1. Each label point is 7 Å from the Cα along the Cα-to-Cβ direction; what then is the distance between the points at residue 24 and residue 133, in nm?
2. Taking just the C-alpha trace of region 74-150, give me its Rg and Dmax in Å.
3. Output the relative contact order of region 2-151, whole-number percent, from Cα pairs under 8 angstrom with separation of 6+ residues.
4. Between region 84-112 and region 38-65, how many Å separate their Cα centres?
5. Under a plain spin-label model, where a point goes 7 Å from the Cα along Cα-to-Cβ, how far apart in nm are residue 51 and residue 9?
6. Just need the relative contact order of region 50-100 here, percent rounded to a whole number, with Cα pairs under 8 Å and 6+ apart.
7. What does the convex hull of the Cα atoms of the chain come to per residue, in Å³, rounded to a whole number?
């Protein structure tokens with residue numbers, strides 16, 4: 001596996017991975033209506049393109065195939081998704097570690113994420129503490145997530 005910077009030509013593959021990841025990996029924690037609201041079949045491609053281009057965005061690739069991606073905006077970890085068939089192989093940890101290192105390099109003393117019910121355990125295992133249980137609205141549907149924060153010890 002290699003980690004590399006996001007390129008605009010990655011967008012369609014990332015959107016397909018995002019849809020599969022949400023609809024398969026999070027299916028035990030959210031209703032079908034919630035999954036559709038979170039990861040619709042018709043995503044706003046321009047919004048995604050602009051966001052991924054503006055953030056520090058990474059792609060994990062194996063044999064030319066994108067198997068995960070993540071992005072951060074300063075000390076906010078915006079997205080972290082792994083292909084559902086590749087979960088548990090360290091891909092998410094590698095991406096997350098690189099995003100955390102990016103935040104540290106920019107002088108951040110903490111990293112914040114809004115973790116889904118599905119991702120909460122992953123982030124907790126990486127030292128993130130739950131700060132707030134939240135209810136957010138996506139396309140008129142309510143979803144639960146958690147604001148979690150990791151303190152970087154030794155930050156300047």
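Each value in this text was obtained by applying a stated rule to the coordinates, not by laboratory testing. Since we're looking at a predicted model, the values are computed, not measured. Don't worry about glycine lacking a Cβ; one is built from the backbone with ideal geometry, like all the others, and counts go over all protein chains shown.
1. Label-label distance for residue 24 and residue 133, simple model: 3.0 nm.
2. According to the Cα coordinates of region 74-150, Rg and Dmax are 12.9, 38 Å.
3. Working: 239 pairs, mean separation 32.9, N = 150.
It rounds to 22 percent for region 2-151.
4. 16 Å
5. The two pseudo-label positions are separated by 2.4 nm.
6. Numbers: 71 pairs, mean separation 15.7, N = 51.
Relative contact order comes out at 31 percent.
7. Details: hull volume 16.9 nm³, N = 156.
Residue-normalised Cα hull volume stands at 108 Å³.
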